1. Please work out which residue is surrounded by the most Cβ atoms within 10 Å (Cβ to Cβ), limiting yourself to segment 256-265 and to residues that are within 16 Å of the ligand (Cβ to nearest atom) and more than 15 Å from the chain's Cα centre (by Cα).
2. Would you point out the residue of segment 272-300, among those that are outside any helix (DSSP H, G or I) and without any contact (Cβ under 8 Å) to a residue 24 or more places away in the chain, that is nearest to the chain's Cα centre (by Cα)?
3. Looking at 131, 151, 145, which is the one that is closer than 28 Å to residue 20 by Cα, among the acidic types (Asp, Glu) and within 15 Å of the ligand (Cβ to nearest atom)?
4. So which of 168, 182 ends up being more than 16 Å from the chain's Cα centre (by Cα) and either open to solvent by 10 Å² or more (accessible area, probe 1.4 Å) or within 16 Å of the ligand (Cβ to nearest atom) (or both)?
5. Would you pick out the residues in segment 237-255 that are open to solvent by 20 Å² or more (accessible area, probe 1.4 Å) and either at positive phi or assigned to a loop (DSSP other than H, G, I, E, B) (or both)?
6. Mind checking which residues of segment 220-236 are more than 16 Å from the ligand (Cβ to nearest atom) and crowded, with 19+ Cβ neighbours inside 10 Å?
7. So, of the residues in segment 51-82 that are open to solvent by 50 Å² or more (accessible area, probe 1.4 Å) and within 16 Å of the ligand (Cβ to nearest atom), which turns out to be modelled with the lowest pLDDT?
8. Given the structure, is residue 48 within 16 Å of the ligand (Cβ to nearest atom), open to solvent by less than 40 Å² (accessible area, probe 1.4 Å), in contact with a Leu (Cβ under 8 Å, 6 or more places away or on another chain) and within 30 Å of residue 175 (Cα to Cα)?
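The values are calculated or read from the model by the stated rules, or taken from the named source; none is laboratory data. The model shown is predicted, which means the values in this text are computed figures rather than measured ones. Cβ sites come from the backbone with ideal geometry, for glycine too, and all protein chains shown count toward neighbours. Note: accessible area is taken over every heavy atom of the protein model, side chains too, but ligands, DNA and RNA are not part of it. Shrake-Rupley method; radii C 1.70, N 1.55, O 1.52, S 1.80 Å.
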Amino acid sequence: HKHILGIEHLSREDIFQILDTAAGFKEINTRAIKKVPTLRGRTIINLFFEASTRTRTSFEIAGKRLSADTVNISASSSSVVKGETLEDTARNIEAMHPDIIVMRHGASGAPHYLAERLNCAIVNAGDGAHEHPSQALLDLFTIREKKGSLEGLKVAIVGDIAHSRVARSNLYALTRVGAEVRLAGPGTMVPPGIEKLGAEVHHDINDAIRDADVVMMLRIQLERQGKTLLPSLREFSRFYGLNQDNLKLARPDALVMHPGPMNRGVEIASSVADGPQNVILDQVENGVAVRMALLYLVAGGEAAEES
Ligand code: CP
């Protein structure tokens, strides 16, 4: 694939190729000298129109560990604030001959729009409520690492499904590799028809997490809600929050996951977020290796010669 725009159009084989490539890169991140010459001479631009801690930093670290030159542009300190359009911004960046643009944008489809217009490779780092492919891939990597395989696992994804690009990308990825996906959230936060993508839909969190191998909690996306939040934060936390009591319904060795940033005390109790079943920082650690794999594969899978 020239671009990584989403999981929707990746095959099971594509997904395993990315996970296996990431497994090869993971060890580099624990070395004393964490750099290999693989992408030496390549230029990667991180173009972020929305806030990010994990994704932007780990794409930057991933590029640097592969010896690419990485440049970060955040919209708030760019000429976007002077009214420059996305297309003009991107064409000007492309005139500097980057090899890859990693892009986060609030509009669903923004990276697809650029991919149709630019010659360089585009990697989607999150587009609106649509997809967040690198997040789903690092989630699958983490689950496979902890559980040994993905096929047949019961994965509950709970919370604000409607606004979650993480949920959508994970739904595509997990069903493609043979996991059973159960979605749970209030009716206002579960998009109608999502079961057509192969998930069970529940409105009672207990039904989704009973006997689950993995419980993935989602951040309630306050910035993407309409004028009124329904249910209220307090009700949401009471009926859809993960805590030590309802987690007992899941398998005793169930993994607790969260893409971050967490609203502690809203969708997840701190006792669970910091508890023995959580793999939340493993997700972040694996994010670097998975993003190294994505950059390497999008760059053509060719290593620079050692010398
Ligand atoms: N999980 C995730 O995308 O986090 P950031 O918004 O901090 O990048």
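1. 256
2. 278
3. Values: 151 fails: within 15 Å of the ligand (Cβ to nearest atom); 145 fails: within 15 Å of the ligand (Cβ to nearest atom).
Answer to the selection: 131.
4. Details: 168 fails: more than 16 Å from the chain's Cα centre (by Cα).
Checking each option against the conditions leaves just 182.
5. Answer for segment 237-255, where residues must be open to solvent by 20 Å² or more (accessible area, probe 1.4 Å) and either at positive phi or assigned to a loop (DSSP other than H, G, I, E, B) (or both): 243, 248, 249, 251, 252, 253.
6. 236, the sole residue that qualifies.
7. 76
8. no
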